[in-house]
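Data first, discussion second: the structure below is written as structure tokens.
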Amino acid sequence: MARSLSNKTLAAVEALMMTLALATTAAGQPTTTAANLTLHNLCPYPVWPLVTANAGVPSVPTDADGEPAGRLDGNGEGLATLAFPPGAWSGRVVARTGCAIEGDGGGEEIVGRCATGDAPPVTVAQVSVGGPGGRAAYSVSLVDGFNVAAVVTPHGFAEGRRCPTLGCAVDLAAECPVGARGPHGGCGGGGASSEAAWFKARCPDARTNATDVEATPQDCVAPREIKVVFCPKPDS
Ligand SMILES: *[C@@H]1O[C@H](CO)[C@@H](O)[C@H](O)[C@H]1NC(C)=O
Ligand SMILES: *[C@@H]1O[C@H](CO)[C@@H](O)[C@H](O)[C@H]1NC(C)=O
């Protein structure tokens, strides 16, 4: 009796030590690994990305040179690397198109009104990094419609982790039914369920309502880079 009890106790202590070791590794990882957010524009036109942090987390305002992402030229020339702040971060990335550039009076150029991306229809990439154990989660939402094809591709994650490319690589604006076309481009955004079903059939790895999930499951931990690609090649 005493013997079996002490074996049990030993097993319990061993299990606890294992849990502690795992917890230490998991907790140690995100603080040592600062991830980057890369934005790449493969569209045949420029985009002006807007990265918006969720309430309560710091913004991601600048690239490595301390510059805002600004205009990303088309055809792959526009590439920006922004550092996520340390710790947990979550927010959204949209691509604005056809933006007017205005002077601020002091010689600086500022982005004025844009043809698409300021309001629905707009494709919204949602990203969170630095969650418990270094967890990352991401999706491309078509709940507010579609303006630019976009996918999210993590890089630099541990082997065996599922960090698939998710989003919508199809140019839904080009195929958009006449009644769902946005006034200055894009498609949908009116919230009709027929629209959502039409989007989902073409882009099963995008989200089309608040409870929708991707056809491809994700289980992503501690990627070193989250890349948002605008107008990816449809077969990539
Ligand atoms: C959300 O979208 C999914 C996928 O198209 C669909 O199966 C589900 O019924 C939708 N839910 C609501 C509340 O519309
Ligand atoms: C993030 O990007 C910077 C600048 O390109 C680079 O020096 C750094 O190593 C990157 N961080 C990670 C975690 O890859």
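The values are calculated or read from the model by the stated rules, or taken from the named source; none is laboratory data. Just so it is clear, the structure is predicted and the values come from calculations on it, not from any experiment. FYI the Cβ positions are ideal-geometry reconstructions off the backbone, even for glycines, and counts take in every protein chain you see.
Things worth noting here:
One line per residue, one yes/no per condition, for (1) in a loop (DSSP other than H, G, I, E, B); (2) over 21 Å from residue 218 (Cβ atoms); (3) within 16 Å of ligand 2 (Cβ to nearest atom); (4) touching a residue at least 24 places away in the same chain (Cβ under 8 Å):
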position: 90; (1), (2), (3), (4): no, no, no, yes
position: 97; (1), (2), (3), (4): no, yes, no, yes
position: 110; (1), (2), (3), (4): no, yes, no, no
position: 128; (1), (2), (3), (4): no, no, no, yes
position: 133; (1), (2), (3), (4): no, no, no, yes
position: 137; (1), (2), (3), (4): no, no, no, yes
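- Boolean, residue 156 is at pLDDT 95 or above, surrounded by fewer than 19 Cβ atoms within 10 Å (Cβ to Cβ) and either away from ligand 1 (no atom under 14 Å from the Cβ) or farther than 25 Å from residue 76 by Cβ (or both): yes
- Every condition in (1) modelled with pLDDT of 95 or more; (2) surrounded by 14 or more Cβ atoms within 10 Å (Cβ to Cβ); (3) in a loop (DSSP other than H, G, I, E, B) holds for residue 213 except the one numbered (2).
- Some residue of region 26-37 being modelled with pLDDT of 75 or more, assigned to a strand (DSSP E or B) and touching a Gly at 6+ places or on another chain (Cβ under 7 Å): no
- Yes/no for residue 211 being on the phi < 0 side of the Ramachandran plot, out of contact with any helix residue (DSSP H, G or I) (no Cβ under 8 Å at 6 or more places or on another chain), more than 16 Å from ligand 1 (Cβ to nearest atom) and polar (S, T, N, Q): no
- Restricting attention to region 186-196 and to residues that are of a type in the set (Gly, Ala, Ser) and within 22 Å of the chain's Cα centre (by Cα), the residue that is farthest from ligand 2 (Cβ to nearest atom) turns out to be 191.
- Residues of region 189-206 that turn out to be outside any helix (DSSP H, G or I) and surrounded by 20 or more Cβ atoms within 10 Å (Cβ to Cβ), as a count: 4
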